[in-house]
Amino acid sequence: MESTHTMDVRIGVLHSPKELALELDGKPDDVTKAFDEALKKDDGVLWLTDRKGRRVGVPAERVAYVEIETESGAKRVGFGS
C-alpha cells in the first residue's frame, strides 16, 4: 500500500519553453491515473490542485510529459514525437 505524501510534479507543455511546477499532497499513482484518464478523451484536460488550493488545468493534447518526484526518486510518464 502506497502512503500519501508531498510530491513535486512538473508538466512539460508542447510549444512552451517553461514547464509547470506544482507541489501536491497525495499519491503518485493518483496523478498517473488522472493523466491516463485525461488522455483517453479527445478533449481531456489534466486537472490538478496544488497544496495551496490552486487548480491548474492543461489540455491533455498539449502535455509533453509529466514528471513526479517524491522522496524516493522520480517517476516519469508521457510521450513525445
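Quick notes
- Boolean, residue 22 is at pLDDT 90 or above, within 12 Å of the chain's Cα centre (by Cα) and closer than 20 Å to residue 62 by Cα: yes
- Residue count for the stretch 1-26, restricted to those that are under 14 Å from residue 68 (Cα atoms) and either out of contact with any strand residue (DSSP E or B) (no Cβ under 8 Å at 6 or more places or on another chain) or hydrophobic (A, V, I, L, M, F, W, C) (or both): 7
Yes/no matrix, rows are residues, columns are (1) in contact (Cβ under 8 Å) with a residue 24 or more places away in the chain; (2) hydrophobic (A, V, I, L, M, F, W, C):
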site: 7; (1), (2): yes, yes
site: 14; (1), (2): yes, yes
site: 17; (1), (2): no, no
site: 21; (1), (2): no, yes
site: 29; (1), (2): yes, no
site: 32; (1), (2): yes, no
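- Which numbered condition residue 31 fails, given (1) within 14 Å of residue 10 (Cα to Cα); (2) hydrophobic (A, V, I, L, M, F, W, C); (3) modelled with pLDDT of 90 or more: (3)
- Being of a type outside the set (Ser, Thr, Tyr), in a strand (DSSP E or B) and modelled with pLDDT under 90 is a description that applies to residue 77.
The values are calculated or read from the model by the stated rules, or taken from the named source; none is laboratory data. This structure is a prediction, so every number in the text was calculated from the model and none was measured. In this analysis, Cβ positions are derived from the backbone assuming ideal geometry, glycine residues included, and neighbour counts consider all displayed protein chains.
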